[in-house]
1. Quick test of your reading: applying the under-4.7 Å Cβ rule, which cysteines of the chain are isolated?
2. Which is the longest part of the chain that has none of the GluC sites (Glu not before Pro) sitting in a DSSP loop with at most 10 other Cβ atoms within 10 Å?
3. Under 16 Å from a label point 7 Å along Cα→Cβ of Thr44: give me every residue in region 69-108 with its amide N that close.
4. Skip the ligands, DNA and RNA, and give the accessible area per residue of the chain with a 1.4 Å probe, whole Å².
5. Which whole-number percentage describes the relative contact order of the chain, with Cα contacts under 8 Å and a sequence gap of 6 or more?
6. Report, to one decimal in Å, the Kirkwood hydrodynamic radius for region 6-108 based on all distinct Cα pairs.
7. Suppose R0 equals 22 Å. What FRET efficiency, 1/(1 + (r/R0)^6) with r the Cβ-Cβ distance, do Gln82 and Ala102 give to the nearest 0.05?
Amino acid sequence: QCLLSGSWRSDTGCRMVVSVLGEDGSFSGSYLPGPAFGDYEILTSPLEGSQQDAGLAPQPIFSFTVRWRLQETTRTTVFLGQCYVGTNGEETLHSLWLLREAAESPTEDWKATR
């Protein structure tokens, strides 16, 4: 059974710590991106999310939002993925993400989501 609680590190050096899951599958924690995030000075940022009931699926789906604590801009990233358990018992997260930063005007909206 795959559980999100604990510490995680991505292939790009991002670090995530997830608190104990609530009975409803909710969780919170912190996220610190790796060097690939750019030249911004980034502080450890809070995350909040939920995991599908592990009783329904041993390799559950999850989602979470990171509200970045940045010095010069406002950004939020949402992640959606699934937690897998390999044949060796190792847990792995696979996810997709969308990053949104504040746009100055509606004409700049097109470049605000990556």
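1. Cys14
2. Working: sites that count: Glu23, Glu41, Glu72, Glu90, Glu104.
No qualifying site falls inside 42-71, the longest such stretch.
3. Those under the cut-off are 69-70.
4. Values: 7410 Å² over 114 residues.
So the chain comes to 65 Å² accessible per residue, rounded to a whole number.
5. On the way: 236 pairs, mean separation 20.0, N = 114.
After rounding, I find 18 percent.
6. Details: mean 1/r = 0.0673 Å⁻¹.
About 14.9 Å for region 6-108.
7. Values: r = 30 Å, r/R0 = 1.36.
The computed FRET efficiency comes out at 0.15.
The values are calculated or read from the model by the stated rules, or taken from the named source; none is laboratory data. Remember, it's a predicted structure, so these values are computed and weren't measured experimentally. Heads up, the Cβs are rebuilt from the backbone with ideal geometry, glycines too, and the neighbour counts pull from every protein chain shown. Quick note on the areas: whole protein, heavy atoms, side chains included, nothing else; ligands and nucleic acids left out. Shrake-Rupley method; radii C 1.70, N 1.55, O 1.52, S 1.80 Å.
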